[in-house]
Amino acid sequence: MDSWETIEIKKTSLTEELKKVQNAKEISEIKSEYIKKYVKSLYSKLKSLPAEEKKSFGKIINDFKNFAEEKISEAESKFKSQKNTTKYDVTIFKNNIKLGSVHPLIKLYKKLEEVLVGMGFSVVQGPEVELDKYNFEMLNIPPHHPARDMQDTFYISAPNVLLRSHTSSVQIRTMQNNKPPIQIISQGTVYRVDDIDPQHTPMFYQIEGLMVAENISFANLKAVLIKFLKEVFGNNTKVRFRPSYYPYTEPSAAIDMSCAKCGEKGCSTCRGTGWITVAGSGMVHPNVLEGVGYDSNKYTGFAFGMGLNRLALIYYGLDEIRKFYENDVSLWEQL
Ligand SMILES: [Zn+2]
């Protein structure tokens, strides 16, 4: 039978154990050990005692039970209050807040702008909701001209108000309000009715250049574009000019660049040809110059236009234009 001394020793060991507890689980283990198991075992021993001893031993058990419950409850409340003060320490400064990243289209645009501004171009902007006059007619594309089919257009209210299908409209507005010499880039969002696929989206970003002055020739166009593409894509880049057709330029040329990804060997990006078309260009059509009040016998000019999204695919080595609209920050951080 447990003597009074044994029970006193148990009190001491309980006190010592409670001093060492680290968490609520340990307290509950002590509770189970001392109250559920030990007190229960004392009560079962009480049953076997002679009647005259039962009263005094019962009192010893009750004293121990009260002592243990009080000590455990003290430890529990002390542990809870300690836990609360550390949990909400608002003075801790965590320096790992995840910031966003510059969008790769903006990053590339800033690079292109820097190169062109360095070559003397200034940046102009214009409205995205545009009049047919500026988007088509003054660019030598009268109503019913078959060239309108080249740019399937979103109309706000047909036939006069539309979402601009290129930023050439800004060039017309600039020429109308300024005398030559003109050396500008117009850039921004443009819209064309197009199904979404890996290479196309109905909204994309365009950057166009225009230079009009006396004695501007195709040689100036070639010099500017070759220098520009080498600055952006590296000095080893080869550039070629291919005859093409645009209603607002004559002659017109598509501009191809050697594929940086495969080194002209042929890959999926260049569709096996080793070359990628990156821009359209040409000498400004005399009708366009006359339309804004310039003397086409005195002034000549060149213009070029590029889709920024397409250029970005090549620049970053991606294969899907849609990735630019998914806003995957972890991808942006790699580019
Ligand atoms: Zn290639």
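What is the extension gain from residue 35 to residue 203, computed as 0.36 nm multiplied by their sequence separation minus the C-alpha to C-alpha distance, in nm to one decimal? If you can, show how the numbers build up before the last one.
Numbers: separation 168, 0.36 × 168 = 60.48 nm, distance 7.37 nm.
Gain on stretching residue 35 to residue 203: 53.1 nm.
Computed over the chain, the P(r) tail beyond 29 angstrom holds 57 percent of alpha carbon pairs. Summarising the label geometry, the points placed 7 Å from Cα in the beta-carbon direction at residue 4 and residue 129 lie 9.8 nm from one another.
What FRET efficiency comes out for residue 26 versus residue 93 if R0 is 25 angstrom and r is the Cβ-Cβ distance? Round to the nearest 0.05. Here the calculated transfer efficiency is 0.20.
Ignoring ligands, DNA and RNA, what percent of the 1.4 Å accessible area of the chain is carbon and sulfur? The C+S portion of the solvent-accessible surface of the chain is 52 percent. Taking each residue as 0.36 nm, the span from residue 194 to residue 214 lengthens on full extension beyond its C-alpha to C-alpha distance by 3.3 nm. Hey, which lysines would be in cross-link range of residue 261, C-alpha to C-alpha under 23 Å, not counting anything within fewer than 8 residues on its own chain? Cα-Cα hits under 23 Å: 107, 110, 111, 227, 230, 238, 323.
Quote the relative contact order of the chain in percent (integer), defining contacts as alpha-carbon pairs under 8 Å separated by 6+ residues.
Value for the chain: 15 percent.
Once the other residues with Cβ under 14 Å from the Cβ of residue 319 are scored (Lys, Arg +1; Asp, Glu -1), what is the net sum? Spelling it out: positives minus negatives among the neighbours equals +2.
If the chain between residue 144 and residue 242 were fully stretched, how many nm would it gain, using 0.36 nm times the residue separation less the Cα-Cα distance? Can you show the working numbers first?
Numbers: separation 98, 0.36 × 98 = 35.28 nm, distance 2.72 nm.
That works out to 32.6 nm of additional length.
For the pair residue 330 and residue 12, label points projected 7 Å from Cα toward Cβ lie 6.0 nm apart. Principal axis analysis of the Cα atoms in the stretch 123-258 yields extents of 46, 41, 27 Å, listed in decreasing size.
Can you divide the C-alpha Rg of the stretch 1-103 by 2.2 N^0.38 Å and report the result to two decimal places?
Values: Rg = 22.4 Å, N = 103, 2.2 N^0.38 = 12.8 Å.
Expressed relative to 2.2 N^0.38 Å, the Cα Rg reads 1.75.
Roll a 1.4 Å probe over the protein chains and send me the accessible area per residue for the stretch 197-335 in Å².
On a per-residue basis, the stretch 197-335 sits at 47 Å².
For the chain, the longest principal axis of the alpha carbon atoms and the long axis of helix 4-20 meet at an angle near 10°.
In the full protein context, the stretch 4-87 carries 71 Å² of accessible surface per residue, based on a 1.4 Å probe and ignoring ligands, DNA and RNA. Listed by chain and number, the aspartates and glutamates whose C-alpha is less than 18 Å from the C-alpha of residue 55, apart from same-chain residues fewer than 8 away, are 2, 5, 63. When the Cα positions of 32, 60, 15 are compared along the charge dipole of the chain, 60 comes out farthest toward the positive end, with charges on each C-beta of Lys, Arg, Asp and Glu. For the stretch 6-39 versus the stretch 264-335, the inter-centroid distance based on Cα atoms is 78 Å.
The values are calculated or read from the model by the stated rules, or taken from the named source; none is laboratory data. Treat the numbers as computed from the prediction; the structure is a model and nothing was measured. Note that each Cβ is placed from the backbone with ideal geometry, even for glycine, and that neighbours are counted across all protein chains shown. Surface areas here come from the heavy atoms of the whole protein model, side chains and all, with no ligands, DNA or RNA. Shrake-Rupley method; radii C 1.70, N 1.55, O 1.52, S 1.80 Å.
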